[in-house]
Structure formats: C-alpha cells, structure tokens
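Q: I'd like to ask some things about the structure below.
The values are calculated or read from the model by the stated rules, or taken from the named source; none is laboratory data. From a predicted model like this one, the values you see are computed outputs, not experimental measurements. Glycine also receives a Cβ, built like all others from the backbone with ideal geometry; neighbour counts cover every protein chain displayed.
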Amino acid sequence: MDYLSVNDYLDKLNDELINFRAKIIGEVTEVTLYPGRSYLFFKIKDKDNPAVLSCFMWKNDYNLCGVKIEEGLEVVISGFPKIYKALGRFSFETRTIELVGEGALKKAYEELKARLTKEGLFEEGRKRVLPTLPQKIGLITSKDGDVINDFQVNLGRYGFKISFADSRVEGQQAVQDLLKAIKTMKRRDIEILVLIRGGGSLESFLSFNNEALVREIVNFPVPVLVGIGHEEDISLIDLAADKSVSTPTATAQTLNKTWQETVNQIDLYGHKMISLYGHAVNQQKVSIDRSFETMRDYLETIVANFYKTEQLFLQAVLSIRSRIGELQKKLNEYPRFFIRSMQGLVQNTAQSLNYLEKALERENPEKKLKMGYSITRLRGRVVRKLEQLKIGDSVDVMVEDGFFESGVSEIRKIR
C-alpha cells in the first residue's frame, strides 16, 4: 500500500475541496479582526440549527466588499472550504461578503453615502463635461445578455471606436471584475469611459455601491458616463460619475447627441447657403436682364437715329449735287482760268462726298445682318419690345440677303 505524507494528503484534499464553492447565508459570530495583520476570522451560524462554520478572509478582499461585519449581522458569503495545513484547521476561505435584507442594505448605503458626500466626491463642481464629438469609447459591461446589443444598436454611425472590457456586473462578486476592467481601461487611449448594465434587484446592485469602485470612478483620467438601469434607487456610482443616465440605451443616445446636433447644424447651414446662393443668382440674373434690355434699347436707338441721319445726309448730298450742276452751267459763262479753279474746287468737294458715302456705307447697320443678326419691323417700325406685338401680327424680317414675312404665333419673355 502506498503512503502519503500529511502535507501531500492535505494538498490533495484542498485540491478537491476547491470544487465545493458555494454561497452560504448565516448570522455572524465571533469576529476577530487582528489589527495589523493581512487576514481576519469570523464564524457564521444558522438561526434555527446548531450549525457553525469557521471562516477565514484576506483583508484585501474584505475591504473591497465594503461591508463592516459585526456579531448578529446576517450575511451571504461566497468562497470554498480549505484546510490550513499548519494547524490542520478546517475553515471556509471567504472571497466576498454581502448583507442580507433590504433594511441592512439601505442602512449601509446611507452610511457610506453620507461619508463620501462629506468628502465632496459627489459635488457637481467636481464633475467634468463630456467630450464634444467623442469617438474613442471605453465600454465596460458583460459580454453576455442584451445590454451590449441594445447599446450598439442605438449608437449612431459617427465613426465610434469601441474599446471593450468584459466584466461581471451583478452582485458583490462583480467588484473585483469591475476594478480590473477599470485598471485595464486606464492603459487604453479613450476619450470617455462608459459603464452599463441592465435592471435588477437592489441586491444585484451591491457592486455599484462599493467604496473602492466609487473612488476609481472619481479618479478616472477621462470623463465617466454611467447607465446601469436602476430607476428606483440611485447608486453611488451614479452620484460619482460625471454623467449618469437611466438606461444603457440612454448612454448611447448621450454619445450621439453632439454628433446629431452637429449634423443638424451642417444641414441647416447647407440649406441657408443654397438659399443665399439662389437669391444671389436671381439678383444677378435680374441685373443682367436689365443690362441686356438697356443695351438692346440703346442699340435700337442708335440704329433708328442712324437711319434718320442717313436720310438727311442723302438729301443733303442730292441737294449739293443739284447745286453743283447749276454752278457748272453758270461757270461755262466765266473765263477759262476761273472755270479751272472752280472745277478743282468742285472735284475736291465731290471726292469728299464720295468719302463720306463710303464711311456711311461701312457703318450701315444692315451690314451686321451678315453676322447673323436680323431686323424685325411691324408696319414699318422697328420692333424693340414684346409689348409691341400680339398673337397674329404679321412682321417683316430683314436678313442678310433679303426680307421675309412671318406671323406671330407665340410670345415668350426671357425673364
């Protein structure tokens, strides 16, 4: 038969006992805190049965729980059994302690709240403004359940970059997970930390009334947004956070807010710019139309004046030529040398007239017809405006090589 040493046997036994993890309810008795040491002992017993369980706990775990145990206090502890090899003593190695009963929970809550309020941890003046247009989001919640899905579904498409840390978020056992997740987030490049969970009973929110967790939230390097879905009671985490909302969905909407406001402003400015541009274009169109009308009227006036001047000039030329003819007849009666002198004068005059006729011909508006222009007349008058016409009028149109007659079937203004 093989033999085991006491040490080996106890190691083997402890390896098996760790599989007997449990949550146990009982009344606290015989608390021994051992000031200056890293551990403590206490016992719990049943109210109605003569059953007692000796418990061991490290003070670091005890402090994280935020529960001050006293004799007569009813608690729920979690952990596993273990044998202390040096003394051969059986005890329950306790990892967490929770208070039992709503009255006890509320009493502990109010006492801790009063103490932290006195320190100024919940003052509004201490809280930071959430970043405008945030993108780098640190998210702490459980990867299981609908909470994370609700958050993601309601988060707008604004280029958010989510850095996620999985953590238990229910009961006293969640404290260590949450503290570890927060420590992880401190090393990441984020602009805002978001902590969310769904609704539940008051007991399930014990971790969110934990002093250690409150202090981590207060001292976190970037603003903290909390949405833990408990409407009946305000947790201490709610009071410590820079911004607290009622649900995980509301946290997503809070992150969307400045983005949506900015998008709305851009849309508004865009509509204003388009409206102003359209107004400016219309103003310029009116100005151009007026300038075009002025130029057209001025050109028509020049053409009309030119025709009048042409007629007067031609009449003057005919009159001069007639007089020259009469003078030539009379000059025949004068001496030859006088006739020569007068003939030279007449010749110069004739040359001047020919030059003026050629200049007049060059400036004749009818030559513009070769460039594609046309001149429209109604009953002998040049048509300058649409108001001179009506449907059914017959107009004469002069083009480069002649005239044609056209009927007015439609009148359409250009402005």
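Q: Residues being crowded, with 19+ Cβ neighbours inside 10 Å and hydrophobic (A, V, I, L, M, F, W, C): count how many of those fall in segment 86-96.
A: Number satisfying all stated conditions: 1.
Q: Which residue out of 99, 105, 130 is surrounded by 15 or more Cβ atoms within 10 Å (Cβ to Cβ) and either under 33 Å from the mean Cα position of the chain (by Cα) or modelled with pLDDT of 90 or more (or both)?
A: Within the list 99, 105, 130, the selection yields 130.
Q: Tell me, please, whether a residue that is at pLDDT below 75 and over 30 Å from residue 287 (Cβ atoms) can be found in segment 375-397.
A: Scanning segment 375-397 turns up no residue that is at pLDDT below 75 and over 30 Å from residue 287 (Cβ atoms).
Q: Sticking with this structure for a sec: In the set 232, 261, which member is charged (D, E, K, R), surrounded by fewer than 13 Cβ atoms within 10 Å (Cβ to Cβ) and at pLDDT below 85?
A: The unique qualifying residue is 232.
Q: Exactly one of (1) over 30 Å from residue 8 (Cβ atoms); (2) without any contact (Cβ under 8 Å) to a residue 60 or more places away in the chain is unmet by residue 158. Its number?
A: Residue 158 satisfies all of (1) over 30 Å from residue 8 (Cβ atoms); (2) without any contact (Cβ under 8 Å) to a residue 60 or more places away in the chain except (2).
Matching residues to (1) surrounded by fewer than 10 Cβ atoms within 10 Å (Cβ to Cβ); (2) over 17 Å from residue 86 (Cα atoms); (3) of a type in the set (Gly, Ala, Ser):
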residue	(1), (2), (3)
2	yes, yes, no
14	no, no, no
22	no, yes, yes
26	no, yes, yes
33	no, yes, no
36	yes, yes, yes
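Q: Would you check which residues across segment 139-165 are surrounded by fewer than 17 Cβ atoms within 10 Å (Cβ to Cβ) and either within 18 Å of the chain's Cα centre (by Cα) or modelled with pLDDT under 85 (or both) and list them?
A: Scanning segment 139-165 gives 144, 145, 146, 152, 153, 154, 156, 157, 158, 159, 161, 162.
Q: Count, please, the residues in segment 55-104 that happen to be among the basic types (Lys, Arg) and on the phi > 0 side of the Ramachandran plot.
A: 0
Q: If you scan segment 375-398, which residues turn out to be farther than 16 Å from residue 293 by Cβ and surrounded by fewer than 14 Cβ atoms within 10 Å (Cβ to Cβ)?
A: Matches in segment 375-398: 377, 379, 380, 381, 390, 391, 392, 394.
Q: Counting only residues that are at pLDDT below 70 and either touching a strand residue (DSSP E or B) at 6+ places or on another chain (Cβ under 6 Å) or farther than 16 Å from residue 375 by Cα (or both), how many does segment 293-303 have?
A: Total satisfying the criteria: 0.
Q: Please go through (1) in contact (Cβ under 8 Å) with a residue 40 or more places away in the chain; (2) touching a Lys or Arg at 6+ places or on another chain (Cβ under 9 Å) for residue 113 and return the number of the only condition it doesn't satisfy.
A: Here residue 113 clears every test but (2).
Q: Which of the residues spanning segment 38-50 are surrounded by 10 or more Cβ atoms within 10 Å (Cβ to Cβ) and free of Cβ contacts under 8 Å to residues at least 24 places away in the same chain? Spell out the reasoning first.
A: Within segment 38-50, the subset surrounded by 10 or more Cβ atoms within 10 Å (Cβ to Cβ) is 39-46.
Matches in segment 38-50: 39, 40, 43, 45, 46.
Q: Out of the residues in segment 51-85 meeting the condition of being under 15 Å from residue 176 (Cβ atoms) and of a type in the set (Ser, Thr, Tyr), tell me which one is surrounded by the most Cβ atoms within 10 Å (Cβ to Cβ).
A: 62
Q: Another question, then. Any residue in segment 110-122 that is at negative phi, not in a helix (DSSP H, G or I) and not assigned by TED's automatic domain parsing to the domain that holds residue 189?
A: So the first thing to find is which residues in segment 110-122 are at negative phi, and the list is 110-119, 121-122.
Imposing the further condition that a residue be not in a helix (DSSP H, G or I) reduces the set to 121-122.
Still in the running and not assigned by TED's automatic domain parsing to the domain that holds residue 189: 121-122.
Yes - at least one qualifying residue is present in segment 110-122.
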